[in-house]
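Presented below is the structure to which this report refers.
Nothing in this text is a laboratory measurement; each read-out follows from the coordinates by a stated rule. Keep in mind that what you see is a predicted model, and the values were worked out from it rather than measured. Glycine also receives a Cβ, built like all others from the backbone with ideal geometry; neighbour counts cover every protein chain displayed.
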């Protein structure tokens, strides 16, 4: 009985090893964070390519560089600028989901030490299958539009 | 016959002359023309150096007024960056303009914080702070709106606010309205026209 239980466990472990986890099927590129004066919350932006054939869900984020992180989506619909807090972000299969100013962003709050232009910070995106995707962000000046301009 | 023809000519000339008087030729704006529909630039607020200022202090400059707040991590920086790039494209003419960034969050936005914030975007930007009632009165004057959203639990909160950019000529007259998604080319085009109008201070 006990042997059988372990055999099942071993089988399960093999199964997970055979299939790439969610973190392995997502490529993160062009990550950047806007540096604002003082300790104001900053927006983080990135392009996420889901190379798998199923939707990958981001369910949270944590960073050693910030006290709080959360996902937001801004909109200026109807002439009002507002932000919506998101518990989850879906990355559709075989597609690139872009986090960019005016839309999806990671809100990074309470920097543990001042982040300066040119610094790199890492934010760990937690995915629904329990895997973790570390995302690298380059710190850019307040008046930047993207990673390069 | 001959007389009536002369009469007709005279009448035509008069009509043309009157049509000419009625309206000055209007520049071909690309943004939304709000001339005559919104009140002149007028307020009593504190600038980011802690000095009291009024709308009259900005006469002679083309003014771009925008309501926002510094804890706004996305839309406000995007709009101010957009305006920074527009002013850069104006070159030395940018000195004839001012960006007035009015906070809708006077509880958290002190003149010092506003000073550091606006200067991170553009040297022609001025941060303006008022009491709750002064800020509300100014927003109302321009049919702008803002709402403090519920606390997120850690004392942090967002403020939803009108995203329009109000553009005034050198005489403080409201002339144009732009949205944050307006094409930079269109804003640059119209600012060139506005800078060419009216007297420099």
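Data overview
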item: Rounded tilt (10° steps) of B:184-196 against the dominant C-alpha axis of chain B; result: 60
item: Cα centroid separation - segment A:20-92 against segment B:98-159, whole Å; result: 25
item: Three-way shape call for the protein assembly as shown based on the alpha-carbon gyration tensor, with the a/c threshold at 1.5; result: prolate
item: In degrees, nearest ten, helix A:2-18 long axis to first principal axis of chain A (Cα); result: 40
item: Segment A:21-140: C-alpha gyration tensor shape, a/c 1.5 cut-off, then a/b vs b/c; result: oblate
item: Angle between chain B longest axis and helix B:132-141 axis [Cα atoms, degrees, rounded to 10]; result: 20
item: Shielding by other protein chains, A:29-38, mean Cβ within 10 Å; result: 3
item: FRET E, pair residue A:112, residue B:93, Förster distance 35 Å, beta-carbon r, rounded to 0.05; result: 0.25
item: Relative packing of A:59-69, A:102-112, which averages over residues the other C-beta atoms within 10 Å, highest first; result: A:102-112, A:59-69
item: Per-residue average of Cβ from other chains inside 10 Å of A:71-79; result: 4
item: Highest average packing first - A:71-80, B:76-85, Cβ atoms within 10 Å; result: B:76-85, A:71-80
item: Spacing of the two label points (7 Å from each Cα toward its C-beta) at residue A:136 and residue A:96, in nm; result: 1.8
item: Pairwise label distance in nanometres, residue B:186 with residue B:32, each label 7 Å out on the Cα-Cβ vector; result: 1.0
item: Cα shape, chain B, gyration tensor, a/c 1.5 rule; result: prolate
item: Two-site FRET efficiency, residue B:57 against residue A:146, from Cβ-Cβ distance with R₀ of 35 Å, rounded to 0.05; result: 0.45
item: Number of partner chain Cβ atoms within 10 Å, mean per residue of B:180-186; result: 1
